[in-house]
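What follows is one structure encoded as structure tokens, with my remarks underneath.
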Amino acid sequence: MVIEKIELNHFRNYQHLSFEPHEGINLFFGKNGSGKTNLLEAIHYCALGKSHRVSQDAPVIFAGEKAGSCFVTVRSKLGRNEIGVRLQPGDAGGKCVLIDRKKVKKLSDMMGVLRCVIFSPEDLDLIKEGPAVRRRFLDMMISQISRGYFVALQQYRGAMEQRNAILRNSRLMNQAPDPMIEDFEAAMAEQADTIYRERKKIADMMGDEIPRIYQEISGRKDELFQIQYHGFLKRENEQIDAFKRMLRDCREDDQRLGMTSVGPHRDDLHLSLNRKSMKMFASQGQMRTAALSLKLVQLRILTKVSGESPVLLLDDVMSELDLNRRMNLLREIGDIQTFITFSDEGDLDPSQIYRTYAVSSSDGEACIQEIKSGPEVMKTILKEPDFT
């Protein structure tokens, strides 16, 4: 899978941008705030319909403009498609997704047209933060290879919101929940079954590969990194009816809480190093290696399931890795189209195929200029980091 063209209009600090990236490695250099990450964010929008940085669309529109857009032309084994997102916060249209300039009816229609994996310094949150971050990681990965999963997530959340509304209303009225709650519980149970089984399947695939990937990156054969999916079902052979009973049994407690306390929205990936909690016992370096391992296993699974490599986005992560981890990461990239951002100029192995760009900002507006590629241009990516 390769991005052939990127077009931005009134997106973040890009008024207008149109350029054709390299099929191999694309390096973007520039000062902090120049617009490097904004470019990766636009690609992420075209893959998943949302930002990886903010939950609202309004902040990504160029200051003073009412609307913005991002488009990419992608070539895959299915052919060539242009996929784009137009953003008009506050407008009745809001956000719309277009494939080959035609508006799609459902957000799920864009899933899989462009697949990407993004790795940024914030991915340490996968290790340090709570279950919601790891659920989001799983959901975004699986949605790119299963539109049915994405639809199940949407329908589950919609039914749960209705159930929660009934619970809150019954608490205020000090009465039993409306009998309609059973209909929403039935809808939740049906979608929960799909969500659980897809997550369990992908988590098991990750679990099979991640110990080896971690050891390859760290070079430490004595460190065993493992992941295990902790789902709401206690036994794998439990079916939809089991979840219905769980919801029914929890109604009284959920009414007091005003929310649903059981279900796939509470699941987690348990991460351990040498059978101890990664979050509690791992060093900062071990956590970085674990986060990178999660992203690389995501890359491999998306490739294995879909039959082609996704686009890889690396947002200012090289400075967070030592020389050994940088070189191992570059070896993993192989022939995958990759977009890498840096704050300073760097150096790549001359055997790698790459193109370099300078990203700058003037009067709040970003621009990209191609730089002559070659080892004389870049000096630091493979140098040992200076910790003095």
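The values are calculated or read from the model by the stated rules, or taken from the named source; none is laboratory data. Since we're looking at a predicted model, the values are computed, not measured. Methodologically, a virtual Cβ is constructed for each residue, glycine included, from the backbone with ideal geometry; neighbour enumeration extends over all protein chains shown.
Within the range 1-55, being among the β-branched types (Val, Ile, Thr), outside any helix (DSSP H, G or I) and either modelled with pLDDT of 90 or more or buried (at least 22 other Cβ atoms within 10 Å of the Cβ) (or both) holds for 2, 3, 6, 25. For the range 302-311, a residue qualifies if it is more than 22 Å from residue 127 (Cβ to Cβ) and part of a helix (DSSP H, G or I), and the qualifying residues are 303, 304, 305, 306.
Would you check if there is a residue in the range 184-196 being assigned to a helix (DSSP H, G or I), in contact (Cβ under 8 Å) with a residue 12 or more places away in the chain and touching an Asp or Glu at 6+ places or on another chain (Cβ under 8 Å)? Checked against the condition, which is being assigned to a helix (DSSP H, G or I), in contact (Cβ under 8 Å) with a residue 12 or more places away in the chain and touching an Asp or Glu at 6+ places or on another chain (Cβ under 8 Å), the range 184-196 yields at least one hit. Within the range 58-68, the set of residues being of a type outside the set (Val, Ile, Thr) and crowded, with 20+ Cβ neighbours inside 10 Å comprises 62, 68.
In this structure, residue 314 does not satisfy being at pLDDT below 85 and either part of a helix (DSSP H, G or I) or over 20 Å from residue 222 (Cα atoms) (or both). Please tell me if residue 229 is surrounded by 15 or more Cβ atoms within 10 Å (Cβ to Cβ), among the hydroxyl-bearing types (Ser, Thr, Tyr) and assigned to a strand (DSSP E or B). Yes; evaluated as a whole, the condition is true for this residue.
Just a yes or no: is a residue in the range 87-108 among the hydrophobic types (A, V, I, L, M, F, W, C), within 29 Å of residue 185 (Cβ to Cβ), crowded, with 20+ Cβ neighbours inside 10 Å and assigned by TED's automatic domain parsing to the domain that holds residue 314?
no
When residue 214 is tested against the conditions (1) in a helix (DSSP H, G or I); (2) out of contact with any strand residue (DSSP E or B) (no Cβ under 8 Å at 6 or more places or on another chain), the lone failure is (2). Is it fair to say residue 192 is under 21 Å from residue 142 (Cβ atoms) and in contact with a Pro (Cβ under 6 Å, 6 or more places away or on another chain)? It is true that residue 192 is under 21 Å from residue 142 (Cβ atoms) and in contact with a Pro (Cβ under 6 Å, 6 or more places away or on another chain).
What's the total number of residues in the range 56-102 that are closer than 24 Å to residue 306 by Cα and in a strand (DSSP E or B)?
Counting residues in the range 56-102 that are closer than 24 Å to residue 306 by Cα and in a strand (DSSP E or B) gives 16.
For residue 159, the test of being at pLDDT 95 or above and crowded, with 18+ Cβ neighbours inside 10 Å is passed.
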